[in-house]
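Here the structure is laid out as C-alpha cells; the discussion comes afterwards.
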Amino acid sequence: MNPLDLTTLLIAALAVVAVVVLLRKRYDSNLPLLFYFVVLVFTSTTDREVNQYLLYAGLGFVLLLRFEFMGRGFARFVAFLATSSTCLIIWVFLAQVFGENLAPF
C-alpha cells in the first residue's frame, strides 16, 4: 500500500467522523466543511478523482446547513442530502484504494 492510499483512507476516516457529526444533528459544526476543504485540496493535488458534481453539491448542502433560519423538516432534508453525498464520496475513495470497479461515479 502506497502513501497515497493511506492518505485516501485517512480522508475517508475524516468523512466517517463528519457523517457521525451530521447524524447527531450538530449542523453548526465545522467538521463537514473541513472534510470538503481537505477533499478539494486532495483531489486538486493528486490523481484521485471524485465526480465534481457530487463534490460541489455536497459542499453546497453542508454550507446550506449552516443557516439557522431553515425549518426543521427542510433542515433534516438538507442534512440527509449532505450525509448521502459524503457517504458516496467515502464509497468512491474506498473503491479507489481497494481497486474494485464498484464506484458509483
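Kindly point out which whole DSSP H helices in the chain project their C-alpha atoms 18 angstrom or further along the helix axis while averaging a Kyte-Doolittle hydropathy of 1.6 or above. Counting only whole DSSP H runs, the qualifying helices are 3-23, 31-45, 52-65.
Calculate the FRET efficiency for Asn30 and Leu102 from the Cβ-Cβ distance with a Förster distance of 25 Å, rounded to the nearest 0.05. Calculated value: 0.20. Spin-label model, Ala95 to Phe37: label points 7 Å out along the Cα-to-beta-carbon direction sit 2.9 nm apart. Summarised as an ellipsoid, region 1-61 has semi-axes of 21, 14, 8 Å, derived from the eigenvalues of the Cα gyration tensor scaled by 5 and square-rooted, with the largest first. Applying the criteria of a DSSP loop state and at most 11 other Cβ atoms within 10 Å to the GluC sites (Glu not before Pro) of region 20-105 yields Glu68, Glu100. Give me the net charge for the shell around Phe93: Cβ to Cβ below 14 angstrom, other residues only, Lys and Arg +1, Asp and Glu -1. Counting the neighbours of Phe93, the net charge comes to -3. Measuring r between the beta carbons of Asn2 and Gln52 and using R0 = 35 Å, the FRET efficiency lands at 0.90.
Relative to the Cα centre, the charge distribution of the chain, modelled as +1 at Lys and Arg Cβ and -1 at Asp and Glu Cβ, gives a dipole magnitude of about 520 debye.
If every alpha-carbon in the chain counts as one equal scatterer, what log10 I(q)/I(0) does Debye give at q = 0.11 1/Å? The Debye formula, applied to the Cα set alone, gives -0.32.
Maximal additional length on extending the Met70-Ser84 stretch stands at 3.1 nm, based on 0.36 nm per residue less the C-alpha distance. Split the accessible area of the chain by element, probe 1.4 Å, and carbon with sulfur accounts for 66%. The residues of region 10-105 present an accessible area of 61 Å² per residue when probed at 1.4 Å with all protein chains retained.
The values are calculated or read from the model by the stated rules, or taken from the named source; none is laboratory data. Note that the structure is predicted; figures quoted are calculated from it, not measured. Reconstructed Cβ throughout: ideal geometry from the backbone, glycine too, with neighbour counts over all protein chains shown. Heads up: the accessible areas ignore ligands, DNA and RNA and are worked out on the full protein's heavy atoms, side chains in. Shrake-Rupley method; radii C 1.70, N 1.55, O 1.52, S 1.80 Å.
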